[in-house]
Amino acid sequence: MFGNRINYYIQNPPRDERTRLAQAVDFALTLLFTWIMTIIIAQFLPLGLTTAKIIVILVMLIELILITKVEINRSKALDTHRDIWYSARKCRENIYVIKDRGEFAQLVKELLEGLTPFGKLKDLHPCADSTIDISCNLGNQKIGVMCINLAGEDQKVSANQIRDFLKEIKQDHFYKGMVITSGSFTEEARRFVRQMNGRVKIYLIDGYGLLRLAKRTQHPIFTLEKWKEERDTLISGKEIALSIKENIMASKKRSLSFAILGLVFIIIAALETEFFSAVYFIFGVINLFIGLTGFILCLLRKNELTFF
């Protein structure tokens with residue numbers, strides 16, 4: 001259903017931290033900008049007054065429908081992203097609760113059983129000196145699996161642990177090996193696996209890969225939960241103003257749009273005379289100021305726009 005986006009949804013938190021009000025203001029600003037540009041362009045077309053009005057109205061209706069559809073699809077994608085990321089975070093917390101090695105190995109076995117290529121899975125119940133927790137077949141090849149449950153994603157499996165696992169894989173005549181952890185791997189460990197070149201193949205699956213397995217196999221440990229957000233019922237004028245500011249600062253493209261619109265107004269002001277020239281010039285300066293200010297602030301805040 002989600003294709004390759006599932007990997008992105010699980011690993012990267014959604015970046016849109018705007019309120020519902022800010023999203024509504026975003027829609028209004030986008031629609032207003034599009035309509036203004038349509039009206040300006042229509043003034044320079046060699047059409048009669050009645051024909052121009054009809055065409056402008058039809059174009060504005062089409063723009064309204066298209067922008068509404070885009071915003072609805074964007075909102076659905078964001079809601080999906082939030083729900084999957086939130087569910088993955090809860091799943092990770094549930095995995096970290098597992099302290100027993102055998103219990104974690106049982107979870108991994110259940111996940112692998114849900115994948116078609118794997119067969120004949122067997123829990124080996126290893127002793128403290130053994131590194132292989134599960135044996136299974138991948139096609140016609142027998143592989144050994146080491147399961148390492150760590151207390152957090154910042155904890156990493158070392159290259160020495162991979163070397164000990166590889167040694168046992170060779171001794172027990174496994175064709176391939178797989179290391180699955182709830183944490184991650186050191187760069188030395190990944191480099192060691194890459195440098196093996198044609199020898200016994202070792203697959204590395206980190207905490208995010210484990211979450212993807214749980215989501216893909218629809219395991220009960222990965223329960224789909226809805227993102228919970230707080231909604232305020234009272235809306236003040238200050239909140240509306242802050243929402244407009246929020247939208248301008250959240251996107252460099254939107255800020256540049258305001259700047260371009262301001263330049264267009266200033267150019268039209270140079271072509272017009274008397275009253276209309278002054279009106280266009282004032283609107284041009286305001287939009288240019290808003291656009292340039294928003295662009296600069298957006299650059300300054302680019303590392304702060306993180307949704308938690």
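Can you tell me which residues in segment 110-129 are surrounded by fewer than 13 Cβ atoms within 10 Å (Cβ to Cβ) and not in a loop (DSSP other than H, G, I, E, B)? Result: Lys120, Lys122. So, in segment 140-159, exactly how many residues are surrounded by fewer than 22 Cβ atoms within 10 Å (Cβ to Cβ), under 34 Å from the mean Cα position of the chain (by Cα) and either among the hydroxyl-bearing types (Ser, Thr, Tyr) or in a loop (DSSP other than H, G, I, E, B) (or both)? Number satisfying all stated conditions: 7.
For segment 101-141, name all the residues that are at pLDDT 80 or above and among the acidic types (Asp, Glu). Glu103, Glu110, Glu113, Asp123, Asp133, listed by residue number. Among the residues in segment 85-94, are any aromatic (Phe, Trp, Tyr) and either more than 30 Å from Asn287 (Cα to Cα) or in contact (Cβ under 8 Å) with a residue 60 or more places away in the chain (or both)? Yes, because at least one residue in segment 85-94 is aromatic (Phe, Trp, Tyr) and either more than 30 Å from Asn287 (Cα to Cα) or in contact (Cβ under 8 Å) with a residue 60 or more places away in the chain (or both).
With respect to Leu31, determine if the residue is surrounded by fewer than 15 Cβ atoms within 10 Å (Cβ to Cβ), out of contact with any Lys or Arg (no Cβ under 8 Å at 6 or more places or on another chain), part of a helix (DSSP H, G or I) and not charged (D, E, K, R).
Spelling it out, it is not the case that Leu31 is surrounded by fewer than 15 Cβ atoms within 10 Å (Cβ to Cβ), out of contact with any Lys or Arg (no Cβ under 8 Å at 6 or more places or on another chain), part of a helix (DSSP H, G or I) and not charged (D, E, K, R).
Put simply, of Ile169, Ile162, Ile95, Ile132 the only residue that is crowded, with 16+ Cβ neighbours inside 10 Å, of a type in the set (A, V, I, L, M) and touching a Phe, Trp or Tyr at 6+ places or on another chain (Cβ under 7 Å) is Ile162. Cβ separations smaller than 6 Å between residues 6+ apart or across chains give the following pairs from segment 64-80 residues that are assigned by TED's automatic domain parsing to the domain that holds Arg20 to residues that are among the hydrophobic types (A, V, I, L, M, F, W, C) and in a helix (DSSP H, G or I): Ile67/Leu31; Glu71/Phe27.
The values are calculated or read from the model by the stated rules, or taken from the named source; none is laboratory data. Since the structure is predicted, the reported quantities are computational estimates derived from the model, not experimental observations. Ideal geometry is used to build each Cβ from the backbone, glycine not excepted, and the neighbour counts take in all protein chains shown.
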